[in-house]
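Engineer: This is the structure, below, for whatever I ask next.
Bear in mind these aren't lab numbers, they're just calculated from the coordinates by the rules spelled out. Just so we're clear, the structure is a prediction, and the values are computed from it rather than from any experiment. Backbone-built Cβ (ideal geometry, glycine too); neighbour counts: all protein chains shown.
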């Protein structure tokens, strides 16, 4: 089952595969008003991150802690991931670090 294109009417968070650590800022007004959009873009951000690298996903505070809605959804990504809660950013949002593990690595959720 394919997801709708999260970038249909705006510039995407990322348009290339990232070879180093990076941050996906999912705190715009549209993100604040549409949790599904946050999830779709977070998945796409993870898919655009190379193995042995990480993406810090910053989500709007209005949706609450991402463990309540995002962590499970990231399980749909076809890679082994390590999720870590990095706390809150200075603007009140939440930061989740998603490391894409190389084949054979053993990550832990938490």
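Engineer: Sort the range 22-100 into rounded, prolate or oblate with this rule: let a ≥ b ≥ c be the square roots of the eigenvalues of the Cα gyration tensor; rounded if a/c is under 1.5, and if a/c is not under 1.5, prolate when a/b is larger than b/c, oblate otherwise.
Structural biologist: Prolate shape, in that a/c is at least 1.5 and a/b is the bigger ratio.
Engineer: Using the number of other C-beta atoms within 10 angstrom as an exposure proxy, rank 74, 81, 26 with the fewest first.
Structural biologist: Final ranking by Cβ density, sparse to dense: 81, 74, 26.
Engineer: Sticking with this one: Work out, step by step, the length gained on full extension between residue 29 and residue 101: first 0.36 nm times the residue separation, then minus their alpha carbon distance; give nm to one decimal.
Structural biologist: Values: separation 72, 0.36 × 72 = 25.92 nm, distance 3.16 nm.
Result: 22.8 nm gained on full extension.
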